[in-house]
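Attaching a single structure in structure tokens format; questions to follow.
No lab work stands behind these numbers, since they all come straight from the coordinates. Just so we're clear, the structure is a prediction, and the values are computed from it rather than from any experiment. Neighbour counts are summed over all protein chains in view; Cβ atoms, including those assigned to glycine, are modelled from backbone coordinates with ideal geometry.
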């Protein structure tokens with residue numbers, strides 16, 4: 001297979017392999033080893049260098065490619081887990097690592113070029129600002145205290161504040177005064193008894209929204225009994241109490 005290759009300067013055999021993979025637009029995980037090996041060897045034949053150290057690196061990679069090419073023709077080896085081993089796996093891993101470091105070098109180079117475009121402007125502070133003297137000398141105020149000692153002072157102050165808090169009373173909720181108008185409750189109960197004629201004492205208490213309302217309701221019932229506005233009856237002990245209005249009768 002004939003291939004026209006424009007000789008370029010590559011930093012090493014891995015750099016050349018990456019160039020050939022990109023040029024052929026092949027998947028790095030599924031390298032056509034026969035095609036890439038032929039193109040690699042063709043490039044080496046056209047290399048003009050007298051540096052044996054450089055040339056030896058490319059020849060070692062050429063031998064590796066030929067070895068992988070031969071192993072691809074043989075039956076696949078099976079590892080301990082029962083999976084077939086790909087002769088290209090080690091080479092792919094090296095190419096991926098080299099590609100990562102290569103693009104990282106490009107990123108660092110771009111950042112270096114961007115940094116060369118940065119200029120620092122000298123400070124131009126107005127005279128009245130530069131001549132300003134703060135009313136408090138913070139260095140004198142802090143003295144020999146460093147950040148660690150200041151933190152310890154702060155923690156000691158906060159600890160003293162916590163010690164002054166009652167651990168039991170601090171958990172109490174807010175106590176609010178529940179006010180109930182006894183006169184209004186009295187009118188409500190009288191109207192309710194007149195409307196229903198016979199009223200269950202238990203149901204009346206169950207309709208109240210708080211303990212204070214239950215107490216006030218009970219006092220209102222006692223007051224209405226005292227003035228003779230209502231009468232109560234109970235058939236058996238522990239039965240519900242029935243409230244009847246005398247005015248309705």
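With each pseudo-label sitting 7 Å past Cα toward Cβ, what's the residue 207-residue 84 distance in nm, one decimal?
8.8
Extending each Cα 7 Å along its Cβ direction at residue 11 and residue 114, get the distance between those two points in nm, one decimal.
Using points 7 Å along Cα→Cβ, the separation is 2.0 nm.
Next question. Taking a quarter of the surface of the convex hull around the Cα atoms of segment 13-115, what do you get in nm²?
Details: hull surface 36.0 nm².
Its average projected convex-hull area is 9.0 nm².
May I ask you to derive the relative contact order of segment 13-115, considering only C-alpha pairs under 8 Å and at least 6 residues apart, and to give it as an integer percent? Display every interim value, and only then the final one.
On the way: 47 pairs, mean separation 28.8, N = 103.
Answer for segment 13-115 is 28 percent.
Return the FRET efficiency for the residue pair residue 128, residue 157: r is the Cβ-Cβ distance, R0 is 45 Å, and the value is rounded to the nearest 0.05.
On the way: r = 38 Å, r/R0 = 0.85.
Efficiency, from the Cβ-Cβ distance: 0.75.
Once you have the Cα-Cα distance between residue 183 and residue 235, take 0.36 nm times their residue separation minus that, and quote the gain in nm to one decimal. Write down the numbers at each step before the final one.
On the way: separation 52, 0.36 × 52 = 18.72 nm, distance 3.05 nm.
Value of the extension gain: 15.7 nm.
A follow-up question, please. Work out Dmax and Rg for segment 182-245 from the C-alpha atoms and quote the Rg first, both in angstrom.
11.1, 32
Distance between Cα centroids, segment 179-249 to segment 12-61: provide it in whole Å.
104
What relative contact order, as a whole-number percentage, does segment 182-245 give when Cα pairs under 8 Å and 6 or more residues apart are counted? Provide the component values of the computation, followed by the final result.
Details: 55 pairs, mean separation 28.1, N = 64.
The value is 44 percent.
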